[in-house]
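To start, the structure under review is shown below, and the notes come after it.
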Amino acid sequence: MTPTHFTISSAFLLGMMGLAFHRTHLLSALLCLEAMMLALFIALSLWSLQLDATGCSTAPMLMLAFSACEASAGLALLVATARTHGTGHMQALNLLQC
Amino acid sequence: MAHIMLTLLIGMVLGVISVASNPSPYFAALGLVLVAGVGCVVLMGHGGSFLSLVLFLIYLGGMLVVFAYCAALAAEPYPEAWGEWSVLGSVLGYLLLVVGAGSWFWGGWYEGMWVPVDELIEFSVVAADSGGVALMYSLGGGLLVVSAWVLLLTLLVVLELTRGLARGALRAV
């Protein structure tokens, strides 16, 4: 594994671990999701650049568009949560708790 | 050049650790700005200047600005930065993990591996990544129309999620 591949792989996995081991805020979990998307964007771009496969350059662009959609949906959920439960804390989302 | 790339890649990993350790969202957004900036310079070092520009404009200038405004929802009197022990424990744990995994690969890395092969190996009027993105408008036109439709759909999804008061299950007020 080249150093660049190791870096982007570890960036993705660290973001995923940050999302899994979230603490208080929903927004910090969403930011970890954004870090994963960023690592994926850099990975796709580097794929196209390192292989001199210029046709693959469309993949990171479209991925960025869809990641913007996902981020806006997540933020809309955050706003809805904050206005319903009063806080953006994960402890407030306890309706399914037994 | 190899030293520059080493510094940038280390900066990227440290930035993602600063986001993944889950401090208060203000500081996590700062860490994400650092990762995006350093990632842009990594892409530029590999010759992808257009993709780096797109990342800066759309990701930092569009998405992260929206995240920064939503950080107002996470206002608390004592925001936890990376000096707080609960966050620092996560930082040290992730650092240990990355250093451990890196030490497993370290033996096989030689000097030439850090630097990409030059992208400008043949003369061309159009830069590689710009020319590739132009393909999105010609052969990839169908997917462009689909993604435009998806963006419109997302707008409607967001408006429906934040409507509240009479329709939808998420908003009680």
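The values are calculated or read from the model by the stated rules, or taken from the named source; none is laboratory data. Everything numeric here is computed off the predicted structure, so don't read it as measured data. Every residue, glycine among them, receives a Cβ derived from its backbone with ideal geometry; neighbour counts consider all protein chains shown. Side chains are part of the model used for accessible areas, which takes the heavy atoms of the whole protein and leaves out ligands, DNA and RNA. Shrake-Rupley method; radii C 1.70, N 1.55, O 1.52, S 1.80 Å.
Laid out as a table, the results:
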item	result
Cα gyration tensor of segment A:8-95 - equivalent ellipsoid semi-axes, whole Å, descending	32, 15, 6
Å² of accessible area per residue within chain A, as computed with a 1.4 Å probe and no ligands counted	42 Å²
Per-peptide average of other Cβ atoms within 10 Å, ordering B:77-89, B:4-16 highest first	B:4-16, B:77-89
Span from the segment A:37-98 Cα centroid across to the segment B:6-35 one, whole angstrom	16 Å
Length added when fully stretched, A:T84-A:L51, from 0.36 nm per residue minus Cα-Cα	7.0 nm
Size of the A/B contact, given as accessible area buried on both chains, probe 1.4 Å, in Å²	5600 Å²
Distribution of pairwise C-alpha distances over segment B:1-102, 10 Å bins, in %	15, 39, 33, 12, 1
MRE, 222 nm, helices only [DSSP H, n ≥ 4, -39500 (n - 2.57), over chain B, to nearest 500]	-20500 deg cm²/dmol
Label-point separation, A:S9 to B:Y78 (7 Å along Cα→Cβ), nm	4.1 nm
Whole-percent pair-distance distribution, where bins are 5 Å wide, for the alpha carbons of chain B	1, 7, 10, 13, 14, 15, 14, 11, 9, 5, 2, 1, 0
For segment A:1-34 versus segment B:81-118, the gap between their alpha-carbon centres in whole angstrom	13 Å
Modelled label reach - B:V66, point 7 Å along Cα→Cβ, segment B:10-42 residues with backbone N closer than 17 Å	B:29, B:33
Highest average packing first - B:20-27, B:52-59, A:54-61, Cβ atoms within 10 Å	B:20-27, A:54-61, B:52-59
Expected 222 nm ellipticity per residue - DSSP helices of 4 or more, -39500 (n - 2.57), all of chain A, to 500	-25500 deg cm²/dmol
